[in-house]
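**Q** Take this structure first; my questions come after.
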Amino acid sequence: MFLLLLSGSMGRSYIVEDAVEGYLSKLCELQAGSITGLLIGQSSTQRDFVVTATRTPQKEESAAAAGNSPDKEWVIEHARQVSRMLPGGLSVLGVFIITDADSKDTLTTVRQLVFAVENLISSEHLWNPADDDVTDCVTLHVNPKTRKTFCRTFDVKDPKSMAKPADWKYQSGVCSSWSMVSCCINVNMLVPLPDNRTGTENMDTSLKEELKVWAHQLESGVCLIDGKKLAEDTELTGGQKRNVRQTYTAQILITPDDQRLTDVVQRCGGSVSVRGAIHSRAYLHSNKPKVKLAEKLLKRDVVSTVATRVQMLLEELLTSEEESKGSSRVKQQTEQFCLPRRIFCPVKASGPVCVCDYEFSDEGLSEVTDRLKEMLDIDAGEEDLDTRQETPAEITERDGAAVPAVETVEALEPKRNNYIGVAMASAVALLATAASMLYLSDV
Amino acid sequence: MVVTVSQSFDTGTILRVRGPLEFKCQLDRTDALLIHKCISTTFEMLHSQVKSESCVLTICDSPVIIWPNRGVYATPEEISPNMLCEDIHQWIQTDEQESAGKRSAKKKSKKSSAVSVINLRLMMEATKTGPLSAPILSKTVQKSHFLSTTLPIDCVVHTTCNDTIKDAFERLLEALTHQLCEMEKVILQHMKGTTLLIPEPLHFLLPEPKGLVTMVYPAGVPDSQLEAQRKELHQQFDLPNDWPYFRRAAAYHFPNEPYKDGYLRNPHLVLTHPSLDNGKVYLVQGIYSYRHYMQDHMDDNGWGCAYRSLQTICSWFQQQGYVERAVPTHKEIQQALVDVGDKQASFVGSRQWIGSIEVQAVLNQLLGVTSKIMFVSQGSDLASKGRELANHFLTEGTPIMIGGGVLAHTILGVAWSETTGQIRYLILDPHYTGAEDLQVITDKGWCGWKGPDFWDQTAYYNLCLPQRPKVI
């Protein structure tokens, strides 16, 4: 006779950096109503790793008690901004809330938050979800008075998902031996703009389409790690000593899709190109990560870093267009804009894991450290920043287009707005101060 | 000017590179000259792409990747530029390797195609080594046209057993560069306003010693409009003007590539031909597909043999490029006979047999092909038709339909000795009802050499000998 063991599905297991415990403790001591924030790390099929946590930034107007119910829109916007600052392998895993409010109510609140956050972040992805993606997100409720923590997960793919209890364990050096795979990748995109619709929103749509095509090419591209094509299931740190940091260099080979879906020749109102190179990287947990994971995370980072920078630039342009609607500015024939460069900052002094930020050419490092503090609650000095991976873009006289005459050649550099300012209409936006414009007119 | 190979085609290895190359540009003007300049500039960019260090050739079904412009650097490390090209085969995983035990014994008795093909894929390396500067977004506002397509690159290089990887890849690069030039020519030549035709490469196998040549044709322009070009090519290669070497349908079919329609091509090629005293073998020229009972979900067992023989003949005309229409179905054949007044309307959909006369009529009606009829009053007389059959295969080279007694067959060739009068007939039997299994078909003689006793000695026979149009 057989004995059937019916066990419920096991809950997830979160391994959390010690520093996060200290951070949450500190927040408990603030005694400021309810405090929300994001939990950041990496999920794997077996367990999840939380590397850092960051509180939702305080809104300027409500410096006083933030009130008992968190501002959902604000939390989501914060998550969106933070997402842009996370290299491959790091993502927003969930939401924490520090409140002494009723546990059941809190669960409802935090469930709403985590679904909203996840939906927004995944709606901005330009790649297709993979079968092996983890779709569980975590909610952590800390009662500041009793210091009790309640950790539960929801499957965000299922809107009716019920809370499942999960393990929450603190550990030191969670990511101290994580490995990193990186590459420098060439970007060379050229897309037409529709006839009579060449505004910034059209650029956004056209470039997004092209980025999706590129994402698909990268997805099916061949990936070499340290010069070798390895089988998907090969373990990256296989054979090496455990707890030794590894860095790998990747190469990606691509080919255009064979099918020609669009018409060969179409009318257009112009074109937009993005040309240059970017540094891309992905961090991998140290629990026998496979080549398949490294490839997936790196390729996603490639696409999102380009998409993020394009987004940021277009957001800038939209804002400056709003500002200058009154003035009669002649629309130039060709304009060039520098995309911001990527700068990295370690999450904590000793670990290899870094977050990143984007610096426009008219900004200084102090703006970067300000943003790191505001968004990720990281206290970093300018000397902590890694600025060696990319140099700022430089506009040269020609970008290869066959045009007869060049009148004046100077770069257009939009002034950076601070992050929250762009998103929230109430904040003060800095005007785009164009030094001068690049003209390529037809004679 | 074309890239040719002058060596025996049956030996060595063919390297074939295929891959799409993105072709994008903004056509600023409707001025033809400026458009041409725009296109040429884009081609210049493609040339430098192909010559750059980012150009990569990957060998299909293998872990081998080669950077031809970085001193022919390869991964895995064991592959060095001075290795012999044919050694690449060791790295390629083939289907045969997986079922090696089962198949090898039987396979050895058959002649396999002597030239081997290594397929490569053209790719670009998107990554590069730093340092690098962040990207620039450039926006141009101008009413114009945008051209976006991919060029279907397809180059071949024929290597001998002595060629090293370095030699072979240098030649491949030359072939790639040359093909880009040809493609540019074709685009510019056929460009009308802003309509553009995609250049398509095709390979043609010319008689020894010329070997495999590659031509670039404009997509969508039918063979009938390219006759002048073909005339030039025939002159250039010193080819007779009565065989269409350069029609699209005649493009070389690479060995081991399955035909999409699933029919077997030229099953007779694996047979060992009879050797008669002072005898010679005269065979069908070109390529045909084997058509027989039960194909296309059509159960014509017992009545369709002549139809199948006719279909085999039609496939020959299609595959040499003489006609573009697909091989007709039984119904279409019957309809054609009704249309010429040979049969009543009720004939369509029936299971009535047809004979050589009907075959001749249908070939004329549907394909515009004329045929000669040969009448033999008794089967035994066929033994004396050696000379005529041999001549047919020499001058026409088409398959012959023979009907008599209660059966129809296709004759693909004859082995005949002028001095001894010995004769053998290469028969393709349409009565086969099985699957497209080359081994079964040749082992069991569904395609095979028969003696004079194959024929019903007392029955009379009619043969339909299709005449090949003398065009290119």
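**Q** I'd like to check something: does the range A:124-136 contain any residue that is in a helix (DSSP H, G or I) and at pLDDT below 90?
**A** Applying the first criterion (in a helix (DSSP H, G or I)) to the range A:124-136 yields none.
Scanning the range A:124-136, I find no residue that is in a helix (DSSP H, G or I) and at pLDDT below 90, so the answer is no.
**Q** Do we find a residue being at pLDDT below 85 and closer than 25 Å to B:D61 by Cα anywhere in the range A:198-218?
**A** No, every residue in the range A:198-218 fails to be at pLDDT below 85 and closer than 25 Å to B:D61 by Cα.
**Q** Of the conditions (1) touching a Ser or Thr at 6+ places or on another chain (Cβ under 7 Å); (2) within 9 Å of another protein chain (Cβ to nearest Cβ); (3) buried (at least 20 other Cβ atoms within 10 Å of the Cβ), B:E22 clears all except one; give me its number.
**A** B:E22 satisfies every listed condition except (3).
Quick grid of which residues meet (1) over 30 Å from A:R267 (Cβ atoms); (2) among the β-branched types (V, I, T):
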| residue | (1), (2) |
| --- | --- |
| B:P131 | yes, no |
| B:I136 | no, yes |
| B:C161 | yes, no |
| B:D167 | yes, no |
| B:L180 | no, no |
| B:V186 | no, yes |
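**Q** Hey, among B:S356, B:S380, which residue is surrounded by fewer than 20 Cβ atoms within 10 Å (Cβ to Cβ), under 21 Å from B:L463 (Cβ atoms) and not hydrophobic (A, V, I, L, M, F, W, C)?
**A** Working: B:S356 fails: surrounded by fewer than 20 Cβ atoms within 10 Å (Cβ to Cβ).
From the options B:S356, B:S380, the qualifying one is B:S380.
**Q** Give the residue that is modelled with the lowest pLDDT, with candidates limited to residues of the range A:1-51 that are in contact with a Gly (Cβ under 9 Å, 6 or more places away or on another chain) and part of a loop (DSSP other than H, G, I, E, B).
**A** Per the criteria, the residue is A:G33.
**Q** If we scan the range B:30-52, do we find a residue that is modelled with pLDDT of 70 or more and among the basic types (K, R)?
**A** Within the range B:30-52, the subset modelled with pLDDT of 70 or more is B:30-52.
Now narrow it down to the ones that are among the basic types (K, R): B:37, B:51.
Within the range B:30-52, one or more residues are modelled with pLDDT of 70 or more and among the basic types (K, R).
**Q** Please go through the range A:354-387 and give me each residue that is assigned to a loop (DSSP other than H, G, I, E, B), closer than 20 Å to A:S182 by Cβ and either among the β-branched types (V, I, T) or modelled with pLDDT under 90 (or both), ordered by number.
**A** Step one: filter the range A:354-387 for residues assigned to a loop (DSSP other than H, G, I, E, B), giving A:360-364, A:377-381, A:385, A:387.
Going one step further and asking which of them are closer than 20 Å to A:S182 by Cβ, we end up with A:385, A:387.
A:T387 - this is the single residue of the range A:354-387 that is assigned to a loop (DSSP other than H, G, I, E, B), closer than 20 Å to A:S182 by Cβ and either among the β-branched types (V, I, T) or modelled with pLDDT under 90 (or both).
**Q** I need the full set of residues from the range B:114-135 which are without any contact (Cβ under 8 Å) to a residue 24 or more places away in the chain and either within 30 Å of B:T160 (Cβ to Cβ) or not in a loop (DSSP other than H, G, I, E, B) (or both), in order please.
**A** Keep residues of the range B:114-135 that are without any contact (Cβ under 8 Å) to a residue 24 or more places away in the chain, which gives B:127, B:129-135.
Residues satisfying the conditions are B:T127, B:S133.
**Q** So for the range B:384-397 (the condition being in contact with a helix residue (DSSP H, G or I) (Cβ under 8 Å, 6 or more places away or on another chain) and in the same structural domain as B:I411 (by the TED database)), does at least one residue qualify?
**A** Here is the first cut: in the range B:384-397, the residues in contact with a helix residue (DSSP H, G or I) (Cβ under 8 Å, 6 or more places away or on another chain) are none.
No, there is no match, as no residue in the range B:384-397 is in contact with a helix residue (DSSP H, G or I) (Cβ under 8 Å, 6 or more places away or on another chain) and in the same structural domain as B:I411 (by the TED database).
**Q** Still on this structure, please answer the following. Among B:S377, B:S384, which is the only one that is out of contact with any Phe, Trp or Tyr (no Cβ under 6 Å at 6 or more places or on another chain) and either modelled with pLDDT under 95 or over 29 Å from B:W416 (Cβ atoms) (or both)?
**A** Values: B:S377 fails: out of contact with any Phe, Trp or Tyr (no Cβ under 6 Å at 6 or more places or on another chain).
Just one listed residue meets the conditions, B:S384.
**Q** Taking the range B:132-163 on its own, how many of its residues are away from chain A (no Cβ under 14 Å) and touching a strand residue (DSSP E or B) at 6+ places or on another chain (Cβ under 6 Å)?
**A** Kept after step one, since they are away from chain A (no Cβ under 14 Å), are these residues of the range B:132-163: B:155-163.
Subset that is touching a strand residue (DSSP E or B) at 6+ places or on another chain (Cβ under 6 Å): B:155-159.
Qualifying residue count for the region: 5.
**Q** Still on this model: Restricting attention to the range A:331-356, report how many residues are within 13 Å of chain B (Cβ to nearest Cβ) and either within 19 Å of the chain's Cα centre (by Cα) or under 10 Å from A:M85 (Cβ atoms) (or both). First the steps, then the outcome.
**A** Residues of the range A:331-356 within 13 Å of chain B (Cβ to nearest Cβ): A:331-343, A:356.
From the residues that got through so far, the ones that are either within 19 Å of the chain's Cα centre (by Cα) or under 10 Å from A:M85 (Cβ atoms) (or both) too are A:339-343, A:356.
So the answer is 6.
**Q** Residues in the range B:416-455 that are within 25 Å of B:M294 (Cα to Cα) and part of a loop (DSSP other than H, G, I, E, B): how many?
**A** Of the range B:416-455, the ones within 25 Å of B:M294 (Cα to Cα) are B:425-450, B:454-455.
Next cut, part of a loop (DSSP other than H, G, I, E, B) only: B:429-437, B:444-446, B:455.
So the answer is 13.
**Q** So how many residues does the range B:299-351 have that are part of a loop (DSSP other than H, G, I, E, B), of a type in the set (S, T, N, Q) and free of Cβ contacts under 8 Å to residues at least 40 places away in the same chain?
**A** Of all residues in the range B:299-351, those part of a loop (DSSP other than H, G, I, E, B) come to B:299-304, B:320-329, B:340-344, B:348-351.
Pick out the ones that are also of a type in the set (S, T, N, Q) and you get B:301, B:320, B:329, B:344, B:350.
In the following step, the residues that additionally are free of Cβ contacts under 8 Å to residues at least 40 places away in the same chain were identified as B:329, B:344, B:350.
Summing the residues that are part of a loop (DSSP other than H, G, I, E, B), of a type in the set (S, T, N, Q) and free of Cβ contacts under 8 Å to residues at least 40 places away in the same chain in the range B:299-351 gives 3.
**Q** May I pose another question? Would you mind listing the strands (runs of 3 or more DSSP E) fully within the range A:165-233 where at least 2 residues are at the interface with chain B (Cβ under 10 Å from one of its Cβ atoms), among the polar types (S, T, N, Q) and in contact (Cβ under 8 Å) with a residue 40 or more places away in the chain? Explain how you work it out, then say what you get.
**A** Details: elements: A:167-171, A:179-193, A:222-225.
Because the criterion is at least 2 residues that are at the interface with chain B (Cβ under 10 Å from one of its Cβ atoms), among the polar types (S, T, N, Q) and in contact (Cβ under 8 Å) with a residue 40 or more places away in the chain, the strands (runs of 3 or more DSSP E) in the range A:165-233 that meet it are A:179-193.
The values are calculated or read from the model by the stated rules, or taken from the named source; none is laboratory data. What you are looking at is a predicted structure, and each value in this text was computed from that prediction instead of being measured. Quick reminder, even Gly has a Cβ in these numbers, built from the backbone with ideal geometry, and neighbours come from all protein chains shown.
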